[in-house]
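Below is one structure, written out as structure tokens; comments come after it.
The values are calculated or read from the model by the stated rules, or taken from the named source; none is laboratory data. Please read these numbers as outputs of a predicted model, since none were measured by experiment. Cβ: placed from backbone, ideal geometry, glycine included. Neighbour counts: every protein chain shown. Surface accessibility is based on the protein's heavy atoms, side chains included, excluding ligands, DNA and RNA. Shrake-Rupley method; radii C 1.70, N 1.55, O 1.52, S 1.80 Å.
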Amino acid sequence: LERGVKLFRYDAGLWHAIGAIYLKRGETEYAKTVYKDALTVDTLDKSLRRSLDKLYSDGEDEPEILSQAKLLQGYYDQVQNLRGTSRSGLRQLRNQLEDYMKQYPDDPNGAILLARYFSLTGNDIKSKELLEGVLAKEPDNLSANLALSSLLLQAEDVQAAKKYLQNALFYYPGNRTAESRLS
């Protein structure tokens, strides 16, 4: 499994399996390390964050990556609930996401979430630019490939969407989301 996450680093199921094995064996510190590494890859995965959060007792200093994931996931919840948000609220959220990207420039999930924000607020061009920027640096980024394919499908550019779905399947054979969108 540990070799598997080196090949398929965006497969949260593999990370969970490794963490569960260490927990079952009573090796909590190794489990913490696994979940910290997993969150470094995918700060938007709430189940990985919850798994790591459970391993820290009250009063114990939590790692920076856990705080970072909580912050970004809080922004994610706000992006998911944009309806009825005032213009100033939208502007504030955009500024927070841009600040997050400046604070954590190595986390592609900030750009992916900002792309989602732009898509939901009607700026598909900016959304596409951000996702293409992520894929230029990390062509195996599953979330970016799927998000860009979704954006292109909404724009009815089936051929371009197909390219990103095939890219997702190249790096993650058998990915159900990509397979279902291709059929």
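Computed quantities for the displayed model
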| quantity | calculated |
| --- | --- |
| Of all residues making up region 91-122, the number that are farther than 15 Å from Asp77 by Cβ, among the polar types (S, T, N, Q) and in a helix (DSSP H, G or I) | 3 |
| Hits in region 152-179 - residues which are open to solvent by 40 Å² or more (accessible area, probe 1.4 Å), in a loop (DSSP other than H, G, I, E, B) and out of contact with any Asp or Glu (no Cβ under 8 Å at 6 or more places or on another chain) | Glu156, Asp157, Pro173, Gly174 |
| Residue match in region 71-79 (condition: under 18 Å from Tyr10 (Cβ atoms) and open to solvent by 70 Å² or more (accessible area, probe 1.4 Å)) | yes |
| Cβ-Cβ under 7 Å pairs, at least 6 apart or on other chains, region 149-165 side free of Cβ contacts under 8 Å to residues at least 12 places away in the same chain, far side assigned to a helix (DSSP H, G or I) and surrounded by 14 or more Cβ atoms within 10 Å (Cβ to Cβ) | Ala160/Leu152 |
| Given (1) charged (D, E, K, R); (2) under 20 Å from Asp106 (Cβ atoms); (3) assigned to a helix (DSSP H, G or I); (4) over 14 Å from the mean Cα position of the chain (by Cα), index of the condition Glu62 fails | (3) |
| Condition check for Leu182: at pLDDT below 95, of a type in the set (A, V, I, L, M, F, W, C), open to solvent by 20 Å² or more (accessible area, probe 1.4 Å) and over 29 Å from Ser67 (Cβ atoms) | yes |
| Considering residues of region 31-53 that are hydroxyl-bearing (Ser, Thr, Tyr) and surrounded by fewer than 23 Cβ atoms within 10 Å (Cβ to Cβ) only, the residue nearest to Gly74 (Cα to Cα) | Ser47 |
| Any hit, region 83-95, residues being touching a residue at least 12 places away in the same chain (Cβ under 8 Å) and either under 22 Å from Lys32 (Cβ atoms) or under 15 Å from the mean Cα position of the chain (by Cα) (or both) | no |
| Pairs with Cβ under 8 Å, 6+ apart, first in region 17-28 and in a helix (DSSP H, G or I), second open to solvent by 70 Å² or more (accessible area, probe 1.4 Å) | Ala17/Leu1; Ile18/Leu1; Ile18/Glu2; Ile21/Leu1; Tyr22/Tyr30 |
